[in-house]
Amino acid sequence: MSVKQQLLTALLQSKGEFISGQKLAQLLNVSRNAVWKAAVSLRTEGYAIDAVTHKGYRLLAAGDLLDNGQIRACLKPEYQELPILIYDSIDSTNEEAKRLLANGLTGRALIIANGQSQGKGRQGRSFCSPAGQGLYLSLVIQPHSDLAQAVATTTMAAVAVTAAIETTAGISPQIKWVNDLYLDGKKICGILTEAVTDFESGQVQSVIIGIGINTAPTALPPELREIAGALPNATDQRNQLAAEIVNQLLPLTEHPQDKSYLESYRSHSLVIGQQITYYLRGEVYRAKALGIDDSGGLIVKKDDGVIDILTSGEISLRVCG
């Protein structure tokens, strides 16, 4: 990592507090003159860096623009080389991921958009994605696993995004099985996972994890304001939030046999213990949600006393009031 990138990382981590030039020089293992040159270079790229004699350097409000450098500065060292593609406007980050894969992408990649014209939700629904009012991203991974194992990625993503929000914003959302995050009774995040499989081997070659998080409730259309919410005051945290999602999610996907993340999924569940209505193959059922099994399935007890396990992709679910 360059001195400039290391300096940006250090200033971001200081959260607006001053760091002395001497301390930065020691931390980066460079001269104080090298720190000064790196600060000047960052200023030319638009970063508001304050330098005060006897106090040192600090990064003023980073602003709400999505920025490759800020995202990369917040990534764990082992993910620093992750390709990051940022678009001001795009049809869908998941669709762009598919295009990249069709054109030869073979490794991981992070695709982020400031706005989407055709944001995608589950079961063919759209996801409202107004420009500058949310974090819309797709993370591409290559698990080389069977489809059953890849399905668990949605559960991992819900846990990772919850942890990222807690770390970045200090807020703890709840998870509505299987892929939505809620805050104060309103949906703030949707997750859509899509797999690209090899027809002959049946192996999953790539998984695209699409994540949409609302960060500005006033931008939502009137018909959604009763059911959709947003992270408060989070628009200027989108870079840090994107990086933290990567930091939380990639370790889970690297060790799919470790199911310990399910404890977090269960503890954040919005539905366990609740009466629910679900729709399966055109039929309506009422049940009580009892728990989450080790495959991420929802264990329910129907009104007739029958215990069943619901799997993602099969149902539409509503928590009863």
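The values are calculated or read from the model by the stated rules, or taken from the named source; none is laboratory data. Everything numeric in this text was worked out from a predicted model, so none of it was measured. Note that we place each Cβ from the backbone using ideal geometry, even for glycine, and neighbour counts take in every protein chain shown.
Restricting Gln248, Gln240 to residues that are in a helix (DSSP H, G or I) and modelled with pLDDT under 95 narrows the list to Gln240.
One line per residue, one yes/no per condition, for (1) touching a Gly at 6+ places or on another chain (Cβ under 9 Å); (2) modelled with pLDDT under 90:
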| residue | (1), (2) |
| --- | --- |
| Thr93 | yes, no |
| Leu101 | no, no |
| Gly107 | no, no |
| Leu110 | no, no |
| Asn114 | yes, yes |
| Ser117 | no, yes |
| Trp177 | yes, no |
| Leu183 | yes, no |
| Ile191 | yes, no |
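Sort out which residues of region 87-119 are β-branched (Val, Ile, Thr) and without any contact (Cβ under 8 Å) to a residue 40 or more places away in the chain, and write them in order of number. Correct list: Ile90, Thr106, Ile111. Of all residues in region 65-86, those that are under 26 Å from Leu101 (Cβ atoms) have Cβ atoms under 6 Å from Cβ atoms of residues that are part of a loop (DSSP other than H, G, I, E, B), 6 or more apart or on another chain, in Leu66/Asn114; Leu82/Arg108; Ile86/Leu66.
Kindly indicate whether Tyr79 is of a type in the set (Ser, Thr, Tyr), within 21 Å of Leu241 (Cα to Cα) and either in the same structural domain as Asp236 (by TED's automatic domain parsing) or touching a strand residue (DSSP E or B) at 6+ places or on another chain (Cβ under 9 Å) (or both). First the steps, then the outcome.
Details: of a type in the set (Ser, Thr, Tyr): yes; within 21 Å of Leu241 (Cα to Cα): yes; either in the same structural domain as Asp236 (by TED's automatic domain parsing) or touching a strand residue (DSSP E or B) at 6+ places or on another chain (Cβ under 9 Å) (or both): yes.
Here the answer is yes, as Tyr79 does meet what is asked.
The strands (runs of 3 or more DSSP E) located wholly in region 13-100 that include 1 or more residues which are among the aliphatic types (A, V, I, L, M) and closer than 15 Å to Asn239 by Cα occupy 56-59, 84-87.
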